[in-house]
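Some notes on the structure that comes next.
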Ligand code: ADP
Ligand code: MG
């Protein structure tokens, strides 16, 4: 199926350098339900990782923990050596204040399944809101940045539209531009195409494909196994809150070492 490539030839060059993500001994429960157990993962700067696994296996919770939208019960997560949510003093961890957490969170951008655009703001306003409020950019500077990013996701002409006037694929591309406007070093995607009609999936995947070549660190939860094979350096298979196995797509998809991975791949293919 031919898909138009919505992005400009500039792609995403000039984005911030990708950050390193270090996850050590992370665990998380909701009440008696243990959702993450013993998670140890490293993501190199500029790496592209796809996380796959059945519904309920803890993939979204892991992404939310990396962005500190979720507090973990044990373990640490660091971006370029800076702990998410804590500061270390000797052997003791102290929780950061909300202000400091918000500031550090801008290093990690997150794109959700349902776009989460502000319905009452135009596309341009959706993108400029956070840079003005969080980064302290002037309006003119924020708008120039927003228009540049809109051009890169192929939506230069939609600056004054409202989200409801856009297709789901266009809304998701705006959501990507909005996230990039905060200049994250790490970009998290949580099933970015699951809410889209099949014919709109390709335009969003094409944008992510270009981002993968930009040097930013990408972690993508996806059910698009073919896309994961093409774009990711590594696939992580999660089940019941644990990393079952991880490795290069060619190995995970053709020679998985665990029966649970075999079973999952048989179900999704
Ligand atoms: P996945 O993204 O792999 O489908 P999630 O991380 O969303 O998995 O959820 C893992 C488990 O944690 C599920 O059983 C889910 O119902 C549960 N869960 C997620 N968020 C909460 C929450 N805020 N409160 C209680 N249970 C939750
Ligand atoms: Mg999920």
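The values are calculated or read from the model by the stated rules, or taken from the named source; none is laboratory data. Quantities reported herein were computed from a predicted structural model and do not represent experimental measurements. When we count neighbours, we look across all protein chains shown, and the Cβ atoms used for this are built from the backbone with ideal geometry, even at glycine.
Which members of region 109-135 meet the condition of being in contact with a helix residue (DSSP H, G or I) (Cβ under 6 Å, 6 or more places away or on another chain), closer than 18 Å to residue 180 by Cβ and in contact (Cβ under 8 Å) with a residue 12 or more places away in the chain?
109, 111, 115, 117, 118, 123, 124, 126, 127, 128, 131
Let's see how each residue does on (1) touching a residue at least 40 places away in the same chain (Cβ under 8 Å); (2) within 16 Å of ligand 1 (Cβ to nearest atom):
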{"position": "209", "(1), (2)": "no, no"}
{"position": "218", "(1), (2)": "yes, no"}
{"position": "222", "(1), (2)": "yes, yes"}
{"position": "229", "(1), (2)": "no, no"}
{"position": "233", "(1), (2)": "yes, no"}
{"position": "239", "(1), (2)": "yes, yes"}
{"position": "251", "(1), (2)": "no, no"}
{"position": "257", "(1), (2)": "no, no"}
{"position": "260", "(1), (2)": "no, yes"}
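Among the residues in region 90-112, are any modelled with pLDDT of 95 or more, over 22 Å from the mean Cα position of the chain (by Cα), surrounded by 16 or more Cβ atoms within 10 Å (Cβ to Cβ) and on the phi < 0 side of the Ramachandran plot?
no
What are the pairs with Cβ atoms under 6 angstrom where one residue, in region 181-193, is touching a residue at least 12 places away in the same chain (Cβ under 8 Å) and the other, located anywhere, is part of a loop (DSSP other than H, G, I, E, B) and within 16 Å of ligand 2 (Cβ to nearest atom)? Sequence gap at least six, or different chains.
What qualifies is 190/112; 190/113; 191/113.
Look at residue 208 and say whether it is within 16 Å of ligand 2 (Cβ to nearest atom) and buried (at least 19 other Cβ atoms within 10 Å of the Cβ).
In short, no.
Pick out the one residue from 66, 52 that is touching a residue at least 40 places away in the same chain (Cβ under 8 Å) and within 13 Å of ligand 2 (Cβ to nearest atom).
Working: 66 fails: within 13 Å of ligand 2 (Cβ to nearest atom).
After applying the criteria, what remains is 52.
Being closer than 30 Å to residue 156 by Cα, in a loop (DSSP other than H, G, I, E, B), away from ligand 1 (no atom under 12 Å from the Cβ) and free of Cβ contacts under 8 Å to residues at least 60 places away in the same chain: is that true of residue 14 here?
The answer is yes for residue 14.
Would it be correct to say that residue 21 is within 20 Å of residue 217 (Cα to Cα), away from ligand 2 (no atom under 16 Å from the Cβ) and crowded, with 22+ Cβ neighbours inside 10 Å?
It is true that residue 21 is within 20 Å of residue 217 (Cα to Cα), away from ligand 2 (no atom under 16 Å from the Cβ) and crowded, with 22+ Cβ neighbours inside 10 Å.
Given the conditions (1) within 16 Å of ligand 1 (Cβ to nearest atom); (2) outside any strand (DSSP E or B), which single one is not true for residue 46?
Of everything listed in (1) within 16 Å of ligand 1 (Cβ to nearest atom); (2) outside any strand (DSSP E or B), residue 46 misses just condition (1).
Any idea which residue in region 72-100 is nearest to ligand 1 (Cβ to nearest atom), counting only those that are in a loop (DSSP other than H, G, I, E, B), more than 22 Å from residue 234 (Cβ to Cβ) and free of Cβ contacts under 8 Å to residues at least 40 places away in the same chain?
The selected residue is 85.
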